[in-house]
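Okay, so here's the structure we're looking at.
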Amino acid sequence: MPELRQARAADVPAMLDVFFRAMDDLDERRRRPPQPRNRMALEMHFSHLLATDPASSVVADDHGRTVAFGILMVREGDAFLSFLFVLPSWQSRGLGRAIIRACLEGAGETVRLSTCAEADQLVSTGLYASLGMAPREPVYLLRGELDESALPGLPGGMHAHPVEPADVAALDLRLLGYQRPRDHAFWSSGERRGWLLQTDTGELIGYGYAHPSGRLGPVAAAHPDHLPLLLGHLVRAMPVLEGRQIVTPGAASAALLPLLAAGMRMDGTPAVYCADRPGPRFDRYIPMSFALL
């Protein structure tokens, strides 16, 4: 068994190599074209999580060569397995289970353990279930052109301004069970922009982020009916040259159905949110991605 140790910033290039080789192998076995590689965005994602969760980020080191890694994102005891990837030649040896356990040891006491697994990855889903993470919620990737006129505009008496972590802390706590100021800082540090919607009387409607590439999310609403308003503002505030992309839980039907009606389509195999207890409130929360709630 390789040595399991805490991941470091210097490990990111090797972690990227493991990620892409594992994904390429999966695509080949499924007889589908290789997925697009956005190396820079993934590197930023890894670096953010290594900075916020160093103790629960683990690499498997085989005589100086990284052969697998796992990253457990922990927010106030809520633990989400963001990444678990093993080189094809090291799969089916119990390494994935060992990495999860090592990540959990670094995380300390947790109040919820969860992850997202592709629905047709039955071995992975079975592994997560054996650790208490039962399949609970389908999560769909939507892509394509979007007719923004199909989504509502802001009504009178409502306005938008940039997200400030302190302004949305209570909403995050209510929907997710934790606050996440460092994640908001990460989302706002690059090209992604976030807006908070409020009424003129100060009632919080929710917040959402959009990227010039067309990616939408995360989006959080005080009430499910507010999701279309938030999405409508995001697509108008952040114009794009090509299509949109958003990861949408099935429970967020107030967002899923309008997005499909506006022209977006489900793409690829859905993921399954797996957790050892209920939550978050996916009827009114749309994650940033499958890997970062």
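Throughout, read-outs are computed from the coordinates displayed, never taken from laboratory work. Since we're looking at a predicted model, the values are computed, not measured. Heads up, the Cβs are rebuilt from the backbone with ideal geometry, glycines too, and the neighbour counts pull from every protein chain shown.
Apply 1/(1 + (r/R0)^6) to the Cβ-Cβ distance of Ala185 and Asp62, taking R0 = 25 Å, and write down the FRET efficiency to the nearest 0.05.
The value I calculate is 0.10.
Among Leu256, Gln6, Pro239, whose Cα projects farthest towards the positive end of the dipole of the chain, with charges put on the beta-carbon of Lys, Arg (+1) and Asp, Glu (-1)?
Gln6
What is the diffusion coefficient of the range 143-270 in µm²/s, taking the Kirkwood radius over Cα pairs and the Stokes-Einstein relation at 37 °C with a viscosity of 0.692 mPa s?
D, rounded to a whole number, is 221 µm²/s.
Going by average Cβ neighbours within 10 Å, how do the peptides 212-222, 6-16 rank, with the highest at the top?
By packing density, highest mean first, the sequence is 212-222, 6-16.
Is the range 123-184 best put as rounded, prolate or oblate by its Cα gyration tensor, with a ≥ b ≥ c the root eigenvalues, rounded for a/c under 1.5, and otherwise prolate when a/b is larger than b/c, oblate when not? Before the final figure, lay out each step's value.
Numbers: a/c = 3.13, a/b = 1.46, b/c = 2.14.
In terms of gyration-tensor shape, oblate.
How long are the semi-axes of the ellipsoid equivalent to the chain, from square roots of 5 times the Cα gyration tensor eigenvalues, in whole Å, largest first?
Its equivalent ellipsoid spans semi-axes of 33, 21, 17 Å.
Would you please classify the overall shape of the range 37-87 from the alpha carbon gyration tensor, given that a ≥ b ≥ c denote the square roots of the eigenvalues, rounded means a/c under 1.5, and beyond that prolate means a/b larger than b/c while oblate covers the rest?
Verdict is oblate for the range 37-87.
Can you give me the angle between helix 227-237 and the longest principal axis of the chain, using Cα atoms only, in degrees from 0 to 90, rounded to the nearest 10?
That helix lies at roughly 90 degrees to the long axis.
Would you list Tyr209, Tyr178, Tyr285 from fewest to most Cβ contacts within 10 Å?
In order of increasing Cβ crowding within 10 Å: Tyr178, Tyr209, Tyr285.
Using 7 Å Cα-to-Cβ label points, what is the Leu260/Ala9 separation (nm, one decimal)?
About 4.5 nm, to one decimal.
What order do you get for Val59, Val240 when you list them from fewest to most C-beta neighbours inside 10 Å?
Val240, Val59
Counting Lys and Arg as +1 and Asp and Glu as -1, each charge on the Cβ, what is the dipole of the chain about the Cα centre in debye, to the nearest 20?
So the dipole magnitude of the chain works out to roughly 440 debye.
R0 = 45 Å: FRET efficiency of Arg97 with Ala166, Cβ-based, nearest 0.05? Mind dumping the intermediate values first?
On the way: r = 39 Å, r/R0 = 0.88.
E between Arg97 and Ala166, to the nearest 0.05, is 0.70.
Could you put Arg265, Arg31 in order, starting from the residue whose Cβ has the fewest other Cβ atoms within 10 Å?
Least crowded to most crowded, the residues run Arg31, Arg265.
Work out how much length Arg30 to Ala237 would gain on full extension: take 0.36 nm times their residue separation and subtract the Cα-Cα distance, in nm to one decimal.
Once the chain is fully extended between Arg30 and Ala237, it gains 70.7 nm.
Taking the Cα centre of the range 143-270 as origin, sum charge times position over the Cβ atoms of Lys and Arg (+1) and Asp and Glu (-1), and report the length of that vector in debye to the nearest 20.
Numbers: 10 positive and 13 negative charges, 62 e Å.
It works out to roughly 300 debye.
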